[in-house]
């Protein structure tokens, strides 16, 4: 597959999005079978939430989508994941390319502690080597504007990123991800380390970002899934139990296990 | 647990068990505090005794003049050539050992499979434990026999002593860099070497400097590896060419202390003081440099 083909170059300006499909995905940590034969479609320009109790494989599932899963020693994945029909596990594809096209935001804000606010956002861009001076500055500004952080930090771009508040740090991390212009953004419990105000701000941001990106968000917080997601996936013990429109999952789930989970009877 | 229905005053009353636990806790507290104080006291005692015994012979002449043997035996000059020689030896050793140590540490923490990393760590621990005189003999047999003593041989022997100290210390430091930063880099699509260069090393910089200082401090006073490799000085003058045997402080301390002249003994103490001050200054400077670079970052 060629992830930098013509369809990609126009996407930042238009709203044509990209669909991620996992088929018969199985993921393992050594002998432990963490994700069991999951088949799921993450539609373009939508937010898909993945909910489920701790250890149900939801983080592992998203980490398979940008191949972060294989960073863990002894971990492997089988089955296929495609981006607009292109297999991201194709041996001909460089794994770093996959990760630039499919960005990720983590549970705890993790700005690079030795870098300034500016350098944090520029970190991913500089790897290309071509971006310098004015161009780089513009891209950094765009990314910070996109996450609503520009007005808060424009006078202190040279200050360390870790000097920001938790919520600002998380938006900085999202800016860092957005700056390299990915097509898909994976978020692994992005608000679990934030206070309610920070959480609200990130949720608003997710809503704005979905016009440009396909977003998959893992969350422990069912209210959050209800607030931000177009559709919701419920996982249990590595299996995908149910995937449907969010309202349906929370009000008329088809599966009894889903109902018990969303009504707080277990988990 | 009491079986009778408990009343509040019964619950809160001290029992024999509570008293015993409190006594044990106090005892552990005291023993650990004493151990900590003893460790600091040893350091202070060593520095104080060297300072007291070395200060009388410490003079500008000692630091700036080369040795002069008087007709009655004993050195009436200084130890300038040894100071210069020691600096050269330690610099060459560190130029070899510090970058290598950092690279070994990067390899084991970032690139090596877990089993290989464990093996390397074990090997470094053994290397640290090898008596330095054995390293001296080894370098003697490889580089000195059939040739002659030289600063190179001495510096390489010191580098062998320094390498595992630096590598092990740097491994600990690199292992402390949060995994999350590594993941952040990977998720941005950065190549591994770039993550190491741009994220891991800058984050760990302070600890790496400390590791280098530890290594330098360790070898600055090493004597055994030098006795075999750079201890026979053809002249008493200043030598800066490492192809010849370089006079150095540890060997000079040794030979001065073996002299019958009490004045030489005083000089040996003064030379020891110079060595200690050198190591202390180095540590303090390294800390200051590190603090300054961090302060700059904070803006």
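Structure values in brief
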{"item": "Options B:119, B:151, B:136, B:146: the member that is within 30 Å of residue B:82 (Cα to Cα) and surrounded by fewer than 19 Cβ atoms within 10 Å (Cβ to Cβ)", "result": "B:146"}
{"item": "In region A:45-55, residue modelled with the lowest pLDDT [restricted to those that are in contact with a strand residue (DSSP E or B) (Cβ under 9 Å, 6 or more places away or on another chain) and under 22 Å from residue B:180 (Cβ atoms)]", "result": "A:55"}
{"item": "Residue match in region A:145-158 (condition: over 30 Å from residue A:221 (Cβ atoms) and in a loop (DSSP other than H, G, I, E, B))", "result": "yes"}
{"item": "Region A:208-267, residues that are assigned to a loop (DSSP other than H, G, I, E, B) and in contact (Cβ under 8 Å) with a residue 40 or more places away in the chain", "result": "A:210, A:211, A:212, A:213, A:219, A:220, A:229, A:230, A:237, A:238, A:266, A:267"}
{"item": "Per-region count, region B:43-66, residues assigned to a loop (DSSP other than H, G, I, E, B) and closer than 21 Å to residue B:239 by Cβ", "result": "2"}
{"item": "Residue within region A:66-80 that is outside any helix (DSSP H, G or I), facing chain B (nearest Cβ under 8 Å) and modelled with pLDDT under 90 present", "result": "yes"}
{"item": "Among (1) within 14 Å of chain A (Cβ to nearest Cβ); (2) surrounded by fewer than 22 Cβ atoms within 10 Å (Cβ to Cβ); (3) in contact with a helix residue (DSSP H, G or I) (Cβ under 9 Å, 6 or more places away or on another chain) - the single one residue B:180 does not satisfy", "result": "(3)"}
{"item": "Answer from A:101, A:35 - the residue that is farther than 22 Å from residue A:183 by Cα and at pLDDT below 95", "result": "A:35"}
{"item": "Residue within region A:91-110 that is without any contact (Cβ under 8 Å) to a residue 40 or more places away in the chain, away from every other protein chain (no Cβ under 11 Å), out of contact with any helix residue (DSSP H, G or I) (no Cβ under 7 Å at 6 or more places or on another chain) and crowded, with 16+ Cβ neighbours inside 10 Å present", "result": "no"}
{"item": "Among the candidates B:104, B:91, B:69, residue that is away from every other protein chain (no Cβ under 14 Å), at pLDDT 95 or above and closer than 18 Å to residue B:238 by Cα", "result": "B:91"}
{"item": "Test: residue in region A:172-182 that is assigned to a helix (DSSP H, G or I), away from chain B (no Cβ under 14 Å) and crowded, with 21+ Cβ neighbours inside 10 Å", "result": "no"}
{"item": "Filter result for the condition that a residue is within 12 Å of chain A (Cβ to nearest Cβ), modelled with pLDDT of 90 or more and over 18 Å from residue A:112 (Cβ atoms), over B:186, B:161, B:116, B:165", "result": "B:116"}
{"item": "Matching residues, region B:199-208, being surrounded by 19 or more Cβ atoms within 10 Å (Cβ to Cβ) and more than 7 Å from chain A (Cβ to nearest Cβ)", "result": "B:200, B:204, B:208"}
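Conditions (1) modelled with pLDDT under 90; (2) in contact with a helix residue (DSSP H, G or I) (Cβ under 7 Å, 6 or more places away or on another chain); (3) within 16 Å of residue B:149 (Cβ to Cβ), marked per residue:
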residue: B:220; (1), (2), (3): no, yes, no
residue: B:229; (1), (2), (3): yes, yes, yes
residue: B:242; (1), (2), (3): yes, yes, yes
residue: B:264; (1), (2), (3): yes, yes, no
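The values are calculated or read from the model by the stated rules, or taken from the named source; none is laboratory data. It should be emphasised that the depicted structure is a prediction, and the values quoted were computed from it without experimental measurement. No Cβ is skipped: glycine too gets one built from the backbone with ideal geometry, and neighbour counts run over all protein chains shown.
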